[in-house]
Amino acid sequence: MTKIAELRELGADDLAKREREIDEEVFRLRLQRSTGQAEAPHKMRDLRRERARVKTLLRERELAASVDSAGDSDG
């Protein structure tokens, strides 16, 4: 599982890429679980939590960018 500090070091593009990777992995795990081939049931929870961390960081950066751009136009 990736720690939040490690995720904060990534750029926005890397975070978006990581989000897509997690989504694909969650899809594969769901497929495995539905066919009865689930290897590590706890992995789904870990992936969902990591995806939430990534989405939170992306949203924080989006909000910070909108505040910065709004502050620039007050001039």
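The values are calculated or read from the model by the stated rules, or taken from the named source; none is laboratory data. Not measured: the values here are computed from a predicted model. Methodologically, a virtual Cβ is constructed for each residue, glycine included, from the backbone with ideal geometry; neighbour enumeration extends over all protein chains shown. To get the accessible areas, we keep the full protein, side chains included, count just its heavy atoms, and leave off ligands, DNA and RNA. Shrake-Rupley method; radii C 1.70, N 1.55, O 1.52, S 1.80 Å.
Annotations
- Fraction of accessible area attributable to carbon and sulfur, the chain (%, probe 1.4 Å): 49 percent
- With protein chains left intact and a 1.4 Å probe, residues in the chain average 76 Å² of accessible area per residue.
- Rounded to the nearest whole Hz, the Karplus-based 3J(HN,Hα) values (6.51 cos²θ - 1.76 cosθ + 1.60, θ = phi - 60°) of region 60-70 follow the sequence 4, 5, 5, 5, 5, 5, 6, 5, 4, 6, 6, with x at glycine and proline.
- For region 3-43, trypsin sites (Lys or Arg not before Pro) meeting the loop criterion (DSSP other than H, G, I, E, B) and having at most 16 other Cβ atoms within 10 Å: Lys3.
- Cα-projected label distance for Asp23 with Leu10, points at 7 Å along beta-carbon direction, nm: 1.3 nm
- In a DSSP loop and with at most 15 other Cβ atoms within 10 Å, the GluC sites (Glu not before Pro) in region 31-75 are Glu39.
- Cβ charges +1 (Lys, Arg) and -1 (Asp, Glu), total dipole of the chain, debye: 640 debye
- Using the Karplus relation 6.51 cos²θ - 1.76 cosθ + 1.60 with θ = phi - 60°, the per-residue 3J(HN,Hα) values for region 31-38 come to 5, 4, 5, 5, 9, x, 10, 4 Hz, with x marking Gly and Pro.
- Dipole of the chain, positive end: most advanced residue of Ala64, Met44, Gln32 [Cβ charges, Cα centre]: Gln32
- Mean projected area (nm²) of the alpha-carbon convex hull when the chain is viewed from all directions: 5.6 nm²
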